[in-house]
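**Student:** One structure, pasted below without further comment.
The values are calculated or read from the model by the stated rules, or taken from the named source; none is laboratory data. None of the values given here were measured: they were computed from a predicted structure. FYI the Cβ positions are ideal-geometry reconstructions off the backbone, even for glycines, and counts take in every protein chain you see. SASA here: full protein model, heavy atoms, side chains in, ligands and nucleic acids out. Shrake-Rupley method; radii C 1.70, N 1.55, O 1.52, S 1.80 Å.
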Amino acid sequence: MRMLLLFGLVLSISGACAQETYRNPLPVAFGDPFVLYDTSDGNYYMYGTGGGAKDGFSAYASSDLVNWEYKGQVYHGNTEDSWCIGAFWAPEVYKVKNKYYLFYSAQWRDNPTAELENFRIGVAVADKPTGPFKDIRNEPVFDPGYPIIDANVFFDDDGRIYLYYSRCCYKHAVESEVADWAREKGWYDEIEESWVYGVELRPDFKGVKGKPRLLLRPPVKMDDKQAEWESRSVTSHEVNRRWTEGSYTFKRGDTYYMMYSANHFGGQNYAVGYATATSPLGPYVKAANNPVLEKNTAIGGNVTGTGHNSITYSPDGTEMFCVYHGRTAATGNERMVFIDRMEILDDGSLVVHGPVTTPQPPPSGL
């Protein structure tokens, strides 16, 4: 009898431990994941590219960042009266005065020159984090004259709001020593690049103030400390493009941190770095410890394609988490959601503790 009781206790303890841990990747097939914490109900809401949505976006909800419930499609585009007709990517949702605003990228219907990449950024609003979201107007936020994706919005302490986005690589050939090197190899005639810009956003989200400012771009010189990791899609002969995209900005003390992704989102070399500034519109200086998140196959792991992140916090607010997509040998080309701990060290350095695929303790405050 004593042995049976002891055995039952062991099973109970091990079962409790199993419930209190989580393992990456999560069973959520999103690219470009973004997590909103809603203080009104204490729940987390996750949005992303794909996940079964047709011409729009789906959402998941969680009370603990570990167990996620599918809430269905929350936004539908490509309707007869919508400005957007396809390529629905990178949704982010923000709560402002009890309304929920969805920023996203999509293909613009207005395309008189038949561009293959005619992406712009739109905004939709809802009364609940699970929608339904409806566009605030039938046109993009603004038109900079070139295709843009990956909207990120930052609300500063002084009440100003900033929109960050990535200019697409499409028809944006840039001269650099990497481009010269690729031509000498006989691989590519030109290298296209995407760059991150920032601009002040109007409080009603229906336009911008002033002109966009260039904030981040791939290195021009090959001896730049960032050039090796930001050029891997070119130097591995994968594609003739270098990306700077998927930015996410937050503030710690007096420092603005901008995380960003480089390399092909569909390849193994997708990785994350960051830059810092003392002003929301820069100038931004890339960090010496980049990349802070990358594939782990070189050290015996099986995770690749890590990138396009957002951040969130544990229920008690004491732990930072990096939310991103990646792939494993088991998931193949499917982009899956990973959530790993991250922190800002005493010297101001940003560190992501990932990718981790072994069991992890639950977020603090549960």
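**Student:** Computed over the Cα atoms of the stretch 179-254, what is the ratio Rg over Rh, Rh following Kirkwood? Present the calculation step by step, with values, prior to reporting the outcome.
**Tutor:** On the way: Rg = 16.3 Å, Rh = 14.7 Å.
Across the stretch 179-254, the Cα-based Rg/Rh ratio is 1.11.
**Student:** Now for a separate question. Once you've got the Cα coordinates, tell me which of Lys134/Lys251; Lys54/Lys286; Lys221/Lys251; Lys99/Lys209; Lys71/Lys295; Lys99/Lys251 are over 26 Å apart. List each step's numbers first, then the result.
**Tutor:** Details: Lys134/Lys251 30 Å; Lys54/Lys286 37 Å; Lys221/Lys251 29 Å; Lys99/Lys209 22 Å; Lys71/Lys295 30 Å; Lys99/Lys251 23 Å.
Result: Lys134/Lys251; Lys54/Lys286; Lys221/Lys251; Lys71/Lys295 exceed 26 Å.
**Student:** A follow-up question, please. What is the Cα radius of gyration of the stretch 162-292 over 2.2 N^0.38 Å, N being its residue count? Numbers along the way, then the final one.
**Tutor:** Values: Rg = 15.2 Å, N = 131, 2.2 N^0.38 = 14.0 Å.
Normalised by 2.2 N^0.38 Å, the Cα Rg of the stretch 162-292 equals 1.09.
**Student:** Might you report the magnitude of the Cβ-based charge dipole of the stretch 78-176 about its Cα centre, with Lys and Arg at +1 and Asp and Glu at -1, to the nearest 20 debye?
**Tutor:** Approximately 300 debye in magnitude.
**Student:** Binning at 20 angstrom from zero up to the longest distance, how are the C-alpha pair distances of the chain distributed in percent?
**Tutor:** Going out from 0 Å in 20 Å bins, the chain shows 29, 58, 11, 2, 0 percent.
**Student:** Moving on. Which GluC sites (Glu not before Pro) does the stretch 64-163 hold that lie in a coil by DSSP with at most 10 other beta carbons within 10 Å?
**Tutor:** Here the GluC sites (Glu not before Pro) that fit, given the DSSP loop and packing criteria, are Glu80.
**Student:** How fast does the stretch 94-202 diffuse by Stokes-Einstein, in µm²/s, taking the Kirkwood radius from C-alpha pairs at 4 °C and 1.567 mPa s? Intermediate results must be reported in sequence, preceding the final value.
**Tutor:** Details: Rh = 16.0 Å.
For the chosen part, D equals 81 µm²/s.
**Student:** What residues qualify as long-range amide H neighbours of Val303, i.e. H under 5 Å apart, gap of 5 or more or another chain, H built at 1.01 Å from N?
**Tutor:** Asn296, Thr297
**Student:** For Met342, tell me the accessible area in Å² from a 1.4 Å probe, rounded to the nearest 10.
**Tutor:** 10
**Student:** Assign unit charges at the C-beta atoms only (+1 for Lys and Arg, -1 for Asp and Glu), then state the dipole size of the chain relative to its Cα centre in Debye, rounded to the nearest 20.
**Tutor:** Working: 35 positive and 46 negative charges, 88 e Å.
Dipole size: approximately 420 debye.
**Student:** Summing +1 for each Lys or Arg and -1 for each Asp or Glu, what net charge is found among the other residues whose Cβ lies under 13 Å from the Cβ of Val125? Write down the numbers at each step before the final one.
**Tutor:** Numbers: positive: Lys95, Lys97, Lys99, Lys128, Lys134, Arg137, Lys206; negative: Asp127, Asp135, Asp204.
Here the count lands on +4.
**Student:** Continuing with this model, one more query. The stretch 246-362: D in µm²/s via Stokes-Einstein (Kirkwood Rh, Cα pairs, 25 °C, 0.890 mPa s)? Please report the intermediate quantities before stating the final value.
**Tutor:** Values: Rh = 14.7 Å.
For these conditions, the coefficient is 167 µm²/s.
**Student:** On a straight-distance basis, which aspartates and glutamates could pair with Lys206 in a cross-link, Cα separation under 15 angstrom, same-chain partners fewer than 8 positions away excluded?
**Tutor:** Asp135, Glu139, Asp143
**Student:** By DSSP, what percent of the beta bridges with both residues in the chain are antiparallel, rounded to the nearest 5? Don't skip to the answer; put the middle values down first.
**Tutor:** Working: 89 of 92 bridges.
Antiparallel: roughly 95 percent of the beta bridges in the chain.
**Student:** In the stretch 308-366, if every C-alpha pair distance is counted and binned at 5 Å from zero, what percent goes to each bin?
**Tutor:** 4, 17, 24, 25, 17, 9, 4, 1
**Student:** Have a look at Ala182, Trp68, Tyr47 and report the one farthest towards the positive end of the charge dipole of the chain, computed about the Cα centre with Cβ charges (Lys/Arg +1, Asp/Glu -1).
**Tutor:** Result: Trp68, furthest along the dipole toward the positive end.
**Student:** Can you work out the Karplus-derived ³J(HN,Hα) for every residue in the stretch 320-325? Use 6.51 cos²θ - 1.76 cosθ + 1.60 with θ = phi - 60°, whole Hz, and x for glycine or proline.
**Tutor:** Calculated HN-Hα couplings, in order: 9, 10, 9, 9, 8, 10 Hz.
**Student:** Over all directions, how big on average is the projection of the convex hull of the alpha-carbon atoms in the stretch 23-85, in square nanometres?
**Tutor:** Numbers: hull surface 19.9 nm².
For the Cα atoms of the stretch 23-85, the hull's average projected area reads 5.0 nm².
**Student:** Return the equivalent ellipsoid semi-axes of the stretch 118-163 as a descending list in whole Å, where each equals the square root of 5 times an eigenvalue of the C-alpha gyration tensor.
**Tutor:** Working: eigenvalues 77, 66, 16 Å².
Values for the stretch 118-163, descending: 20, 18, 9 Å.
**Student:** Still on this structure, I have one more. Run through the stretch 82-113 and list the trypsin sites (Lys or Arg not before Pro) located in a DSSP loop whose Cβ has at most 12 other Cβ atoms within 10 Å.
**Tutor:** Values: sites: Lys95, Lys97, Lys99, Arg109; in loops: Lys97, Arg109.
Passing sites in the stretch 82-113 are Lys97.
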